[in-house]
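Read-outs throughout are calculated quantities, based only on the coordinates presented, and are distinct from any laboratory measurement. Values in this document were obtained by computation on a predicted structure and should not be read as measured data. Virtual Cβ from ideal backbone geometry, glycine too; neighbours counted across all protein chains shown.
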Amino acid sequence: MSLAIDLISAINQAIKNLFKRRITLRYPEVNLDIERGYSYDPKAQVGIAGYKGRHILHLEKCTGCSLCAIACQNIANCIAMVKLDVSYPQNKKSIFPQIDYGNCVFCGFCVDACPFYALFMTNDHELSSTDKKSLIMSPLQLSIPPVKKKGLVQLEIDDRGPYHK
């Protein structure tokens, strides 16, 4: 008797969900339009909501303190500090973070640890590659802002959610 009730309950649930609107997006034809990347305000000690995608590094603000590499909880140490041939007055050692996206889990701890507003996360999430070496981004590559891709259907997010037109 219990098996029959469970079966009827399952069929009832399937029929209820049969006519609901789909929540899966047809990527890459349809793309969410999320403008802001994740950042952190160290003075207020609060994270500012946004998409956790590729990092952007402001070389002129980075002091080479290595707090981002220390805060990275990844066992594979996806952030390494490398020396560049450029000099900035606030960074006397000329060392900057380099990020390995093959190991990064996009947790945002490195952004939270930066007290100088030098490291942010952007909304660029398309980082796939067939070569593992191209997933390692140097500080100069990180300093280039991502380019917004055109030609995709962008959905706006409002109080009803992202799945409407």
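Summarising the label geometry, the points placed 7 Å from Cα in the beta-carbon direction at Ala76 and Asn103 lie 0.8 nm from one another.
Look at where the Cα atoms of the range 126-140 and of the range 42-99 average out, and the two centres are 17 Å apart. Here the 3J(HN,Hα) profile of the range 128-145, calculated from phi with Karplus coefficients 6.51, -1.76 and 1.60 at θ = phi - 60°, is 5, 7, 8, 10, 5, 5, 6, 7, 8, 9, 6, x, 5, 5, 5, 7, 8, x Hz, Gly and Pro shown as x. Of the residues Met137, Met81, Met1, the one with the fewest other Cβ atoms within 10 Å heads the list, and the complete ranking is Met1, Met81, Met137. Principal-axis analysis of the Cα atoms of the chain puts helix 2-18 at an angle of about 60° to the longest axis. Note on the chain: Lys pairs 8 or more places apart or on different chains, Cα atoms under 20 Å apart, count 12. With a Förster radius of 35 Å applied to the C-beta separation of Val46 and Gln90, the computed FRET efficiency comes to 0.90.
Amide H to amide H, with H built 1.01 Å from N, Tyr40 comes under 5 Å of Ile48, counting only residues 5 or more places away or on other chains.
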